[in-house]
Amino acid sequence: MDYCHQHNLVEPGLVDRDRRFGIRVTLPPGDTLARLLGDGWERLHWYASEAERDAAFADMAERHDYYRKTDAPTQVLEKVVR
């Protein structure tokens, strides 16, 4: 598979790695962003190791500096294993 954009979530050199540990990202019920994305929207991110997944989870769960003071991100994060 060709990768033409730097922002792709999958790194071409890591495509064939077995990824069993994941993070499911969803929206809470009644979230206004669901009007754009749909009520059943979810995004899954997969990692090769539990430690790699847990590090990404911690990073995704913290409030980042690029949010405005009035922003209140409402994503729901869940660790999953397949």
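The values are calculated or read from the model by the stated rules, or taken from the named source; none is laboratory data. Because the structure is predicted, anything quoted here is derived from the model rather than measured. Cβ sites come from the backbone with ideal geometry, for glycine too, and all protein chains shown count toward neighbours.
Condition check: at pLDDT 80 or above, among the charged types (D, E, K, R) and surrounded by 10 or more Cβ atoms within 10 Å (Cβ to Cβ). Does Glu42 satisfy that? Yes, satisfied.
Among Val76, Val15, which is the only one that is touching a strand residue (DSSP E or B) at 6+ places or on another chain (Cβ under 6 Å), of a type in the set (Val, Ile, Thr) and either modelled with pLDDT of 90 or more or surrounded by fewer than 13 Cβ atoms within 10 Å (Cβ to Cβ) (or both)?
Only one candidate passes the filter, namely Val76.
Listed by first and then second residue, the pairs with beta-carbon distance under 7 Å, at least 6 apart or on different chains, first residue in the range 50-61 and within 15 Å of Val25 (Cβ to Cβ), second among the polar types (S, T, N, Q) and surrounded by 11 or more Cβ atoms within 10 Å (Cβ to Cβ), form an empty list.
Residue under question is Arg63, and the condition is that it be of a type in the set (D, E, K, R) and either within 12 Å of the chain's Cα centre (by Cα) or modelled with pLDDT under 90 (or both); does it hold? Yes.
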